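The values are calculated or read from the model by the stated rules, or taken from the named source; none is laboratory data. Because the structure is predicted, anything quoted here is derived from the model rather than measured. Every residue, glycine as well, gets a Cβ built from its backbone with ideal geometry; the counts of neighbours run over all protein chains shown.
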Amino acid sequence: MIVVLKHGVPEEKKAQLMSWLEGQGLRLHISNGEYQTVIGLIGDVSGVDFDLVSSLEIVDSVKRVTEPFKCCNRKFHPDDMIVEVGDVKVGGGHFVMIAGPCSVESEEQIVTVARAVKAAGAQMLRGGAFKPRTSPYDFAGLKAEGLELLRIARKETGLPIVTELMNINDLPLFEDVDVIQIGARNMQNFDLLREMGMLDKPILLKRGLANTLKELLMSAEYIMASGNERVILCERGIRTFSDYTRNTLDLSAVPMLHQMTHLPVIVDPSHATGNAKLVPPMALAATAGGADGLIIEVHNDPIHALCDGAQSLRPEDFAALAEKVRAIREVVA
Ligand code: PEP
Ligand code: MN
């Protein structure tokens with residue numbers, strides 16, 4: 001249930017209403033917008049007298065929220081959420097380009113790529129240190145050493161770092177990571193999600209390979225209900241009948257999610273397509289479709305990449321793409 005207050009309600013009356021609602025065992029989610037205050041009620045609302053609340057002097061309207069996701073529901077928070085990562089803003093009209101290799105391989109590799117993507121306009125650096133791999137025989141990342149190399153690249157370029165956490169036990173190593181990525185394969189690792197909710201740090205939550213938008217939002221809800229509101233969603237392609245792309249990029253997820261939630265939504269055309277030639281057109285399509293940003297794999301030597309070389313752009317191709325993305329942004333923003 002949400003309670004929309006009239007414009008300009010005195011703080012004291014607002015506080016009275018809130019403590020009365022809290023007294024009924026409910027948790028409140030307050031959204032103070034420019035024009036209205038929305039109080040979202042979380043918990044068992046069956047005992048709340050809908051008509052009584054509607055009739056209160058200070059209340060504009062009361063609506064039932066039937067969706068199971070509450071904290072990330074647009075109805076609870078009509079304004080776009082802007083997630084801040086240092087000086088970088090994501091969402092609410094702020095577009096972010098995150099770029100870097102699939103995996104951190106060496107200091108030279110990550111620093112070279114970080115410098116190149118920064119020069120091309122990327123605002124954050126991605127790079128996996130702990131890699132989820134389908135085969136146990138494949139390169140699974142440099143782990144703690146990879147995180148150390150990301151720190152060096154951050155120091156060299158000033159770019160905040162985005163990197164995947166797979167296991168709660170590794171969390172202490174991620175203390176100074178700027179954005180923790182929860183990958184597609186862990187989208188429904190509920191213990192991990194709850195743990196992300198206890199952090200004071202943005203979380204990049206990727207859609208699972210075979211998960212619906214509602215399931216994605218329920219996973220965001222796990223993080224937010226535990227106290228961390230700074231969630232960025234990522235559409236990275238889902239499993240369908242496609243036999244020529246790694247996954248199918250569900251671009252309609254972007255405008256649909258924007259209706260369902262106030263959280264920023266970015267797109268990963270690299271894992272969605274698995275093919276470097278398809279990355280630029282799909283990145284442009286995602287930008288035109290209203291995405292709040294892109295996360296793109298870039299490697300200085302894709303042929304010899306230890307992971308996902310086939311979908312990695314060379315730095316010069318990323319620079320050319322970034323230019324076009326900016327042109328599309330001018331048109332749609
Ligand atoms: C990644 O971004 O490195 C990755 C493994 O992506 P996903 O979880 O979307 O497969
Ligand atoms: Mn990858």
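Worth a mention:
Residues are listed down the side, and each one gets a yes or a no for (1) hydrophobic (A, V, I, L, M, F, W, C); (2) more than 30 Å from Ala310 (Cα to Cα); (3) in the same structural domain as Met166 (by TED's automatic domain parsing):
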| position | (1), (2), (3) |
| --- | --- |
| Leu209 | yes, no, yes |
| Thr212 | no, no, yes |
| Ala225 | yes, yes, yes |
| Glu229 | no, yes, yes |
| Gly237 | no, no, yes |
| Met282 | yes, no, yes |
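- Of the residues screened, Thr245 is not one that is at pLDDT 95 or above, more than 16 Å from ligand 2 (Cβ to nearest atom) and not small (Gly, Ala, Ser).
- A count restricted to the range 179-195 and to residues that are in contact with a Pro (Cβ under 9 Å, 6 or more places away or on another chain) and closer than 18 Å to Thr134 by Cα stands at 4.
- Scanning the range 166-188 turns up at least one residue that is outside any loop (DSSP other than H, G, I, E, B), under 21 Å from Glu235 (Cα atoms) and out of contact with any strand residue (DSSP E or B) (no Cβ under 7 Å at 6 or more places or on another chain).
- Check on Ser135, in contact with a strand residue (DSSP E or B) (Cβ under 9 Å, 6 or more places away or on another chain), among the polar types (S, T, N, Q) and closer than 21 Å to His271 by Cβ: no
- No other residue among Gly141, Gly146, Gly197, Gly158 is in contact with a helix residue (DSSP H, G or I) (Cβ under 9 Å, 6 or more places away or on another chain) and either acidic (Asp, Glu) or within 16 Å of ligand 2 (Cβ to nearest atom) (or both) apart from Gly146.
- Residue among Ala140, Ala225, Ala210, Ala220 that is without any contact (Cβ under 8 Å) to a residue 24 or more places away in the chain and aliphatic (A, V, I, L, M): Ala140
- Flag for Pro132 being out of contact with any helix residue (DSSP H, G or I) (no Cβ under 9 Å at 6 or more places or on another chain), under 27 Å from Tyr222 (Cα atoms) and either surrounded by fewer than 22 Cβ atoms within 10 Å (Cβ to Cβ) or among the polar types (S, T, N, Q) (or both): no
- Selected residue (criterion: nearest to Val104 (Cα to Cα)) from residues of the range 301-314 that are buried (at least 18 other Cβ atoms within 10 Å of the Cβ) and more than 10 Å from ligand 2 (Cβ to nearest atom): Leu306
- Residue that is nearest to ligand 1 (Cβ to nearest atom) [pool: residues in the range 298-319 that are in contact with a Phe, Trp or Tyr (Cβ under 8 Å, 6 or more places away or on another chain) and in a loop (DSSP other than H, G, I, E, B)]: Cys307
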